[in-house]
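Enquirer: Sending over a structure as structure tokens; questions will come in a sec.
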Amino acid sequence: MKLILLGAPGAGKGTVAKLLTEMDGSVQISTGDILRAAVKAGTELGKKAEAAMKAGELVSDDLIMGIMGERLKEDDCKAGFLLDGFPRTIPQADALKGLLENMGIKLDAVVNLVVPREEILNRLTTRRTCVDCGAIYNVRSNPPKEEGVCDKCGGDVVQRDDETEEAISKRLDVFNEQTAPLVEYYRNEGNLLDADSTNSSNVVDVIKKELGV
Ligand code: AMP
């Protein structure tokens, strides 16, 4: 399937993407993961993105479109892709539209993951991430078996730099200002699917029912 997963930080985009990936072999493409890997590796891209990411602000549209223009052409996307954290601005959505039209690709749906703000704040402050494989944990509901150690790869499980209270609050403001308008953008395009994401498996059920998969 070819989907955009839209939702605030902490709405469960990554978790839903992983569940869908296991279901049909579509590839998860997370611009946040790509950027974090670039920062970690100290590449030019990472150097350009690091400051904005740490502050909870968005990386420039040009940089993001450069990454995605290349990524969507890779072979593994042919089986389907789940866009997680992209697009995040109207210019990115416009650019993606042109890109997909040029490639002759039609999206199956844009899924709007809806979670109450209180729950988002709770999830983000308790979320922990593996620095090596990106696996996501939660100190309350889903801690790693050994504190600070990833169950899957043995990597360090830490709180992300942009998950301090200050950066979270900034990211939510940025989401409301720059990304939330995409809900109406895609509603007008006629392919928006609203899903209550308090529980991630509910989102998967809504998608399965809608797409008949
Ligand atoms: P995420 O893991 O999706 O929450 O992304 C982490 C950070 O990476 C964001 O707060 C932004 O600084 C940056 N980022 C990820 N995706 C995008 C995007 N599509 N546009 C601009 N910045 C992005």
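The values are calculated or read from the model by the stated rules, or taken from the named source; none is laboratory data. Just so it is clear, the model here is predicted, and its values are computed rather than measured. When we count neighbours, we look across all protein chains shown, and the Cβ atoms used for this are built from the backbone with ideal geometry, even at glycine. Note: areas computed on protein heavy atoms with side chains; ligands, DNA, RNA excluded. Shrake-Rupley method; radii C 1.70, N 1.55, O 1.52, S 1.80 Å.
Enquirer: Hey, can you tell me all the residues within the range 85-119 that are within 12 Å of the ligand (Cβ to nearest atom) and in a helix (DSSP H, G or I)?
Expert: Listed by number, the residues that qualify are ILE90, PRO91, GLN92, ALA93, ALA95, LEU96.
Enquirer: Another question about this same structure. Which residues, counting only those in the range 126-142, are within 18 Å of ASN199 (Cα to Cα) and either in a helix (DSSP H, G or I) or open to solvent by 70 Å² or more (accessible area, probe 1.4 Å) (or both)?
Expert: THR126, VAL139, ARG140, SER141, ASN142
Enquirer: Another one. Can you name every residue in the range 19-69 that is without any contact (Cβ under 8 Å) to a residue 24 or more places away in the chain and either among the aliphatic types (A, V, I, L, M) or buried (at least 19 other Cβ atoms within 10 Å of the Cβ) (or both)?
Expert: Start the filter on the range 19-69 by keeping residues that are without any contact (Cβ under 8 Å) to a residue 24 or more places away in the chain, which leaves 22, 37-39, 41-52, 60, 62-63, 66.
Across the range 19-69, the qualifying residues are ALA37, ALA38, VAL39, ALA41, LEU45, ALA49, ALA51, ALA52, LEU63.
Enquirer: Collect the residues in the range 126-157 that are in contact with a Ser or Thr (Cβ under 9 Å, 6 or more places away or on another chain) and at pLDDT below 95, keeping them in residue-number order.
Expert: THR126, GLY134, ALA135, ILE136, TYR137, ASN138, VAL139, ARG140, SER141
Enquirer: Further question: Testing ALA52 on (1) more than 11 Å from the chain's Cα centre (by Cα); (2) more than 10 Å from the ligand (Cβ to nearest atom), one condition comes back false. Which one is that?
Expert: Of the numbered conditions (1) more than 11 Å from the chain's Cα centre (by Cα); (2) more than 10 Å from the ligand (Cβ to nearest atom), the odd one out for ALA52 is (2).
Enquirer: The conditions are (1) closer than 23 Å to ILE136 by Cβ; (2) of a type in the set (D, E, K, R); (3) within 12 Å of the ligand (Cβ to nearest atom), and ASP62 fails exactly one of them. Which is it?
Expert: For ASP62, the failing item is (1).
Enquirer: Condition check: within 23 Å of SER169 (Cα to Cα), among the acidic types (Asp, Glu) and out of contact with any Lys or Arg (no Cβ under 8 Å at 6 or more places or on another chain). Does ASP76 satisfy that?
Expert: Judged against the criteria, ASP76 is not a match.
Enquirer: Now, a different point. For VAL110, indicate whether it is under 18 Å from MET53 (Cβ atoms), hydrophobic (A, V, I, L, M, F, W, C) and open to solvent by less than 80 Å² (accessible area, probe 1.4 Å).
Expert: no
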